[in-house]
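Student: For reference, the structure I am asking about is given below.
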Amino acid sequence: MRILFLGAPGAGKGTQCKRLAAKLNLPHLSSGDLLREAVKAGTPAGVSAKEFMDKGVLVPDEVLIKMFGEKLGSPACKGGYILDGFPRNLAQAKSLDELLGSLNSNLSTVINLEVDDSLLTERICGRWTCSNKACAAVYHVKFAPPKAEGKCDVCGSDLSQRADDKEELVKARLNTYREQTEPLIDYYTQKKVLVTIQGEGDQDVIFNNILQSLKVTA
Ligand code: AMP
């Protein structure tokens, strides 16, 4: 299966993608995670991406198109994958179509996780993540607090907040989503591959709804 997740920042894409990737044994390709790794490693792509990420706006298309071109053509993605955060505008979606066409492939399903605006900011600003990359468990100060403040329940590592999850940047990220990414809902509706899943409420229920939409048994 070749699945793409759409949804605003805070819609829960990362959490659901991780669960789905484990369930289906597919690679989870998160553009945000890949960019943050590139920034940390100080690669040329990371250096050029940082100034855009720090402002909550999109990194230039060519950086992402190159990054995902390499990934999707690799043997690890032969059996399918879960895309999270790429494409994020129409130009990227069209480049992805070209890339998939050159690989004789296409997207099986696009899942649009829908969450009301009023919840998104609260979800994002309270989000803390385990700093141990192999674990990367996600917590929320109100909705899913860790047992010990600042420590991961799973592996005991320190929790950290993403630099761009601070309130002053969240507004810019949500605007970017509305202006540039939301038009992809129409784009994939027209291609008849889009399903919309309510992203509010119990995470297990949301996950089961995703599995159902993919016709996968829970
Ligand atoms: P995320 O973790 O998906 O919220 O992404 C964090 C930041 O990475 C975004 O605010 C953008 O600056 C950048 N980013 C992630 N994916 C893309 C993309 N497909 N195109 C451009 N910039 C991106």
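Student: In the set 16, 92, which member is assigned to a helix (DSSP H, G or I), of a type in the set (S, T, N, Q) and more than 8 Å from the ligand (Cβ to nearest atom)?
Tutor: When all the criteria are applied, what remains is 16.
Results for (1) more than 15 Å from the ligand (Cβ to nearest atom); (2) charged (D, E, K, R); (3) closer than 24 Å to residue 49 by Cβ, shown as yes or no for each residue.
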{"site": "114", "(1), (2), (3)": "yes, yes, no"}
{"site": "158", "(1), (2), (3)": "yes, yes, no"}
{"site": "172", "(1), (2), (3)": "no, no, yes"}
{"site": "192", "(1), (2), (3)": "yes, yes, no"}
{"site": "203", "(1), (2), (3)": "yes, no, no"}
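Student: Say we look at segment 68-88 and pick out the residues that are open to solvent by 30 Å² or more (accessible area, probe 1.4 Å) and without any contact (Cβ under 8 Å) to a residue 40 or more places away in the chain; which of these is nearest to the ligand (Cβ to nearest atom)?
Tutor: In this case the residue turns out to be 70.
Student: Ok, one more. So residue 151 clears everything in (1) touching a Phe, Trp or Tyr at 6+ places or on another chain (Cβ under 8 Å); (2) over 24 Å from residue 210 (Cβ atoms); (3) of a type outside the set (Gly, Ala, Ser); (4) open to solvent by 30 Å² or more (accessible area, probe 1.4 Å) except one condition, right? Which one?
Tutor: (1)
Student: Evaluate the following for residue 54: is it away from the ligand (no atom under 16 Å from the Cβ) and of a type in the set (D, E, K, R)?
Tutor: For residue 54, the condition - away from the ligand (no atom under 16 Å from the Cβ) and of a type in the set (D, E, K, R) - is not met.
Condition check ((1) among the charged types (D, E, K, R); (2) out of contact with any helix residue (DSSP H, G or I) (no Cβ under 6 Å at 6 or more places or on another chain); (3) farther than 22 Å from residue 90 by Cα; (4) assigned to a helix (DSSP H, G or I)) across all residues:
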residue	(1), (2), (3), (4)
124	no, no, yes, yes
139	no, yes, yes, no
148	no, yes, yes, no
156	no, yes, yes, no
184	no, no, no, yes
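Student: Restricting the search to segment 48-64, which residues are touching a residue at least 12 places away in the same chain (Cβ under 8 Å) and surrounded by fewer than 19 Cβ atoms within 10 Å (Cβ to Cβ)?
Tutor: 48, 54, 55, 57, 60, 61
Student: Sort out which residues of segment 167-181 are surrounded by fewer than 13 Cβ atoms within 10 Å (Cβ to Cβ) and either of a type outside the set (Lys, Arg) or more than 18 Å from the chain's Cα centre (by Cα) (or both), and write them in order of number.
Tutor: Within segment 167-181, 167, 168, 175, 179 qualify.
Student: Now a separate question. Within the group 164, 204, which residue is part of a helix (DSSP H, G or I) and within 26 Å of residue 35 (Cβ to Cβ)?
Tutor: One residue alone meets the criteria, 164.
Student: Looking only at segment 95-112, count how many residues are within 16 Å of the ligand (Cβ to nearest atom) and in contact with a helix residue (DSSP H, G or I) (Cβ under 9 Å, 6 or more places away or on another chain).
Tutor: Of the residues in segment 95-112, 8 are within 16 Å of the ligand (Cβ to nearest atom) and in contact with a helix residue (DSSP H, G or I) (Cβ under 9 Å, 6 or more places away or on another chain).
Student: Same structure, new question: Would you pick out the residues in segment 95-122 that are assigned to a helix (DSSP H, G or I) and surrounded by fewer than 15 Cβ atoms within 10 Å (Cβ to Cβ)?
Tutor: Answer for segment 95-122, where residues must be assigned to a helix (DSSP H, G or I) and surrounded by fewer than 15 Cβ atoms within 10 Å (Cβ to Cβ): 98, 100, 101, 102, 117, 118.
Student: Which condition does residue 100 not pass, out of (1) over 22 Å from residue 196 (Cα atoms); (2) in contact with an Asp or Glu (Cβ under 7 Å, 6 or more places away or on another chain), if it passes all the others?
Tutor: (2)
The values are calculated or read from the model by the stated rules, or taken from the named source; none is laboratory data. From a predicted model like this one, the values you see are computed outputs, not experimental measurements. We place every Cβ from the backbone using ideal geometry, glycine too, and count neighbours over all the protein chains shown. Ligands, DNA and RNA are stripped out before the accessible areas are found, and what is left, the full protein with its side chains, is counted by its heavy atoms. Shrake-Rupley method; radii C 1.70, N 1.55, O 1.52, S 1.80 Å.
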